[in-house]
Amino acid sequence: MEMRTPAMFSATPSRPEMPTERLPFTVRRVENEDSLKKAVAIRHAAYARHVPEFARSLALPEACDYEEDTVVLLAESRLDGTPLGTARIRTNIHHPLHIEESVVLPQWLQGRSLGEVERLGVGEGRIGHMVKVALVKAFFEYFEKTGIEYAVIAGRAPVDRHYEQLLFTDVFGDKEMVPLRHAGNMPHRVMAFEIASGEARWSAAKHPLLKFFRHTHHPDIHVGVASGVNPGRGVQATPAAPHAPISAPLGQLAAA
């Protein structure tokens, strides 16, 4: 089955006119238990600063960290390997999104290939801001390369404003907050971003991150692609590269 390529991120890193920029850290997908432990550590620390009670449930890997339609991203210092940030990507290829445990998505998102971004956490200070921007670029690139039609996120206040600045739009009412089961029933704003029209909308808005996202090659950001995804839930193209979920120690799965 032929894979549809969205317009956004259509340029390839090998384009000669695209400048290359090195970062003081790398962003990679987690492929082993040691890297997952680093991601969980920075995830827990980030949530503990803002929602300490909920953060207690994030001290160990969660069961879905090991699922086949999950990708955990990890940002590490190039100097010493210190974990600096993390995010988790979950698609609806094999399972409904976590958001769908709490809400029914509207008709315009039904039957679409969706990617959910969750458990985004970074360190403090200026480096934390830079890492967050790099993680955002990483998950947008992943969605484009796998044919995801819409990115879906849930942000608690004031984090939701960051997604609004990226031109995510409300899925339900304007700035409406809904409690989410997988986020400790805390109220979140559910928002979505159409991948195919993203670059055009960013360009029209003269978005300050357009150059970073679209017109600069960052070799330190490399998420890899597990498989091609066609529009429509549950439809998977021929894998571009084999990917096996991280093997979960039974004790950790039980704890999660």
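The values are calculated or read from the model by the stated rules, or taken from the named source; none is laboratory data. In this text, all values refer to a predicted model and were calculated from it rather than measured experimentally. Counting neighbours? That spans all protein chains shown, and the Cβs are built from the backbone with ideal geometry, glycine included. Each accessible area value is taken on the protein alone, full model and side chains, heavy atoms only, with ligands, DNA and RNA left out. Shrake-Rupley method; radii C 1.70, N 1.55, O 1.52, S 1.80 Å.
Filtering the stretch 119-177 to residues that are among the hydroxyl-bearing types (Ser, Thr, Tyr) and in contact (Cβ under 8 Å) with a residue 40 or more places away in the chain leaves 142, 146, 150. If you go through the stretch 136-150 and keep only what is crowded, with 23+ Cβ neighbours inside 10 Å and hydroxyl-bearing (Ser, Thr, Tyr), you end up with 142, 146. Taking the criterion of being in contact with a helix residue (DSSP H, G or I) (Cβ under 7 Å, 6 or more places away or on another chain) and either at pLDDT 95 or above or within 22 Å of residue 29 (Cβ to Cβ) (or both), the residues of the stretch 129-165 that qualify are 133, 137, 140, 150, 151, 152, 153, 154. Highlighted here are the strands (runs of 3 or more DSSP E) found entirely within the stretch 1-118 that include at least 3 residues which are closer than 24 Å to residue 144 by Cα, at pLDDT 95 or above and open to solvent by 20 Å² or more (accessible area, probe 1.4 Å): 25-29. Those helices (runs of 4 or more DSSP H) of the stretch 152-232 in which 2 or more residues are open to solvent by 50 Å² or more (accessible area, probe 1.4 Å) occupy 160-165, 198-204. Filtering the stretch 119-135 to residues that are out of contact with any Lys or Arg (no Cβ under 8 Å at 6 or more places or on another chain) and open to solvent by 10 Å² or more (accessible area, probe 1.4 Å) leaves 123, 125, 126, 127, 129, 130, 132, 133.
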